[in-house]
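Everything below concerns the one structure shown next.
The values are calculated or read from the model by the stated rules, or taken from the named source; none is laboratory data. This is a predicted model, so every value here is computed, not measured. Cβ placement follows ideal geometry from the backbone for every residue including glycine, while neighbour counts extend to all protein chains displayed.
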Ligand SMILES: NC(=O)c1ccc[n+]([C@@H]2O[C@H](COP(=O)([O-])OP(=O)(O)OC[C@H]3O[C@@H](n4cnc5c(N)ncnc54)[C@H](O)[C@@H]3O)[C@@H](O)[C@H]2O)c1
């Protein structure tokens, strides 16, 4: 399905991004695996190679203003072109609105809105301009698309996530705008809004896992009580697996979605309908 295509997946060291990177490779893509954490990033590449696929690790933070250009150049150096960009990297830093600091607000908008914007801008020469040149030359045009990761917290709002909900709804507007600006060149842009997917981000907060944001260690996860309740609110009766979530990403990137752009696909097990 993705033979001879090159896919970049951010935040692909674990969770949904790792599952998407492996699935892209399984279906023939050469995958550029990015993550903030170098070790899990390298492990995903090793797994893909062991299964007979092609992948390269480009660790680094997508919120570093210099990094988007470096990531695109690394992809070009490794494989010569970019067909698919998946803006998946993310984290939560929850708090009620009346107690939220500017730093907390900004960090979450940076990762979920500013970083995808900069990554798409950095990809423009290899996606928009490359497609435009192919079109003008009257030759075949490569398939090219972007898949952004949103959340039902953005589409519907969520208590304790004013920063995350704003970023995840912002990415929907960004997605539609890219679809309108780049559609003329055949570059598609869609989003996938996940519900409850079982990853480090949604593990029990009581486990005490943290992520380093600047000089702070920020707690990630959701209260165990919410984890217990969630299946009752999901028609399919359980959280999704990272592989099922990745399926939504590949679906929109695939040739079967060749005429779908500007869409936000809810991958939720039916939650919120
Ligand atoms: N798990 C869910 O229920 C759920 C629901 C809705 C949306 N999402 C979204 O899905 C995406 C993937 O989340 P996940 O659930 O797999 O979480 P996860 O914590 O398992 O994986 C996220 C990955 O992103 C990486 N990352 C964080 N900051 C980064 C940065 N600055 N640069 C590069 N990589 C960075 C982390 O190191 C981690 O490996 C996120 O955008 C998240 O907001 C998840």
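Quick notes on this one:
- Screening segment 1-84 for helices (runs of 4 or more DSSP H) wholly inside it with 2 or more residues that are buried (at least 18 other Cβ atoms within 10 Å of the Cβ), without any contact (Cβ under 8 Å) to a residue 40 or more places away in the chain and touching a strand residue (DSSP E or B) at 6+ places or on another chain (Cβ under 9 Å) returns the ranges 15-26, 38-50.
- Residue list for segment 215-254, restricted to those being part of a loop (DSSP other than H, G, I, E, B), touching a helix residue (DSSP H, G or I) at 6+ places or on another chain (Cβ under 7 Å) and within 13 Å of the ligand (Cβ to nearest atom): 220, 221, 238, 239
- In summary, residue 158 fulfils each of the numbered conditions (1) within 16 Å of the ligand (Cβ to nearest atom); (2) under 20 Å from residue 7 (Cβ atoms); (3) in contact with a helix residue (DSSP H, G or I) (Cβ under 6 Å, 6 or more places away or on another chain) with the single exception of condition (2).
- Subset of segment 171-189 [in contact with a strand residue (DSSP E or B) (Cβ under 9 Å, 6 or more places away or on another chain) and within 25 Å of residue 105 (Cα to Cα)]: 171, 172, 174, 175, 176, 177, 178
- Members of segment 118-138 that are within 16 Å of the ligand (Cβ to nearest atom) and touching a strand residue (DSSP E or B) at 6+ places or on another chain (Cβ under 9 Å): 119, 120, 123
- Top-ranked residue of segment 183-214 - restricted to ones that are within 25 Å of residue 247 (Cβ to Cβ) and part of a helix (DSSP H, G or I), ranked as modelled with the highest pLDDT: 183
- Residue in segment 109-116 that is closer than 15 Å to residue 69 by Cα and in contact with a helix residue (DSSP H, G or I) (Cβ under 7 Å, 6 or more places away or on another chain) present: yes
- Residue among 76, 16 that alone is within 10 Å of the ligand (Cβ to nearest atom) and modelled with pLDDT of 95 or more: 16
- Test set (1) without any contact (Cβ under 8 Å) to a residue 12 or more places away in the chain; (2) out of contact with any strand residue (DSSP E or B) (no Cβ under 6 Å at 6 or more places or on another chain) - residue 217 fails condition number: (2)
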